[in-house]
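First up is the structure itself, then whatever we jot down about it.
The values are calculated or read from the model by the stated rules, or taken from the named source; none is laboratory data. Values in this document were obtained by computation on a predicted structure and should not be read as measured data. For neighbour counting, all protein chains shown are included, and Cβ atoms are generated from backbone atoms with ideal geometry for every residue, glycine included. When the accessible area is computed, the model is the full protein with side chains, heavy atoms only, and any ligands, DNA or RNA have been set aside. Shrake-Rupley method; radii C 1.70, N 1.55, O 1.52, S 1.80 Å.
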Amino acid sequence: MQLKECRAECEKSGFEVVGIAQDLDVSATTFDPFQRPELGGWLNNRSDEYDVIVFYRLDRFVRKVSHVDKMLTWSRDRGIRLKSSTEMIDSEDAYGEIFFYLVAIFAQMEANAISERQKAKQQHLRENGRYRGGNVPFGFQLVPHPEWGTVLEHDPEYAPILRQAIEDCIAGKSLRQIMLELNEAKVPTSMDIARGRAGKASKGSKWTTTTISNIFRSRILLGEVNHGGEVVRGKDGMPVRHAEPITPLFLWNKLQKAIAPAPKDKYRKNASLLLRVAYCGLCGRPFNLKKKSGRSLTDYYRCSGLLSKECDAPVVRADFMHSWVDDRILDHVGDFNVREKIEDPGEDHSEELERVVEAITELYDDRYLRGKFQSDAQVAQFDRIMANLESQRDHLASLPQRPSGVRYVETGKRYGDIWNAMDIGERNVWLREQGAVLKVHMEPGAKTPTIHANWGDLERVERLALGIEA
């Protein structure tokens, strides 16, 4: 229709059409004419090919006063006429430019009003925990609400998969392992699930570690509403919820620790099996691996104080050290089954109590430090919210506490199998995580070193397996 009106105006005024610019789904409020894909090309690069620009309506052409000013200045400099096909607006008329500005002012006011209404609507939806649209998070589904639109609920098919992935991550499984398992099981991503529910063909999107990390970091797992990186709080001062949590707060906190970036040094794979594991028995400095080169026919470990001449401990052959560690690991715990630690969370309301106390502190800061509550109505609202939070605080503080516990269950895997499946770098990381420390000392004239080993957690594994420790 708009194109038809513009063509009719050209025919009526005797204009020859040399080109058409249609920028569909491009906001005239957000982008000025020079930034639009099609129109911008004609304005920026081809202004010598035409004398008139005919548009359907001014608010389809520009919706900001600043854009009108820019457009009129440009047209005057080039002698190009601007004319509406449906309004009495023409830059060549005596009052043409005045009408341009007047219509643009009202268009901008309308655009601002629409924007404010949308913001108010979205804020209302957020504060009431109602779903505002957009991509449905993995593990959830949209269901009709008896009073308004739709709400989020747990997806009976994919929520259990998400919970299992969370448990696996907390238990030590890497994001890459989880990604590979999801892709191998052909679990669809949230985008493909949405396409299937809309009756569209799946694109076969693959899971990535970034996608999984974003899901694990999101507070939607707690059912909470988040906006602009901050938790949205309701009139009672507590976080507003979209839906029931996928996982409780204490597990979500453990998940954040599991996916937090580890210190680079701790998890850096190194070709040295005994980096930060073997130490000099003479001075206590760490041993470093020296690769064979030149006249040296073998790799060897040496005290880090040797180069600075602060220690004169003899070097030790690397192959002997590696073989010694390998034999001890397999001899001591190789045949023992790996036991998985299962934690009983007990009954602990301290985190919920902490959140309420945090909300109380934030409200006090807003009231007294930032001065947000100044009118009588705001002070009354502040008092109601504070009374509610203090009531919750007292209730949580009165609840009983049950300490958490730990038990171990057999996994069916043996330590020897795990050890043999790892490369040298992975073994080094594993030994350091177990807390293994070797003190190595080579006596003068001796062919092999004296090694005093503290195997850290592995010693407890051995005691448990032998029934020495419960």
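A few comments on the model shown:
- Relative packing of 63-76, 387-400, which averages over residues the other C-beta atoms within 10 Å, highest first: 63-76, 387-400
- Long-range HN-HN contacts of ILE246 with modeled amide H, under 5 Å: LEU222, GLY223
- Spin-label pair SER218/PHE250, simplified geometry with 7 Å Cα→Cβ offset, distance in nm: 2.6 nm
- Rounded to the nearest Hz, the phi-derived 3J(HN,Hα) couplings of segment 410-419 under the Karplus curve 6.51 cos²θ - 1.76 cosθ + 1.60 (θ = phi - 60°) are 6, 9, x, 9, 10, 4, x, 5, 5, 4, where x marks glycine and proline.
- Two-site label geometry, LYS290 and ASP69: point separation in nm, points 7 Å out along Cα→Cβ: 7.5 nm
- Under-5 Å amide H pairs with ASP348, H placed in peptide plane, nonlocal only: ARG402
- Peptides 158-165, 306-313 ranked from most to least packed give 158-165, 306-313, packing being the mean of other C-beta atoms within 10 angstrom over each peptide's residues.
- Heavy-atom accessible surface of segment 141-214, averaged per residue, reaches 62 Å², computed with a 1.4 Å probe.
- Solvent-accessible area, 1.4 Å probe, carbon plus sulfur percent, for segment 38-87: 37 percent
- Taking amide H as placed 1.01 Å from N in the peptide plane, VAL151 has its amide H under 5 Å from the amide H of VAL143, HIS145, each at least 5 places away in sequence or on another chain.
- In terms of distances greater than 32 angstrom between alpha carbons, the cross-link table entries LYS70/LYS200; LYS64/LYS203; LYS206/LYS257; LYS309/LYS447; LYS291/LYS447 yield LYS70/LYS200; LYS64/LYS203.
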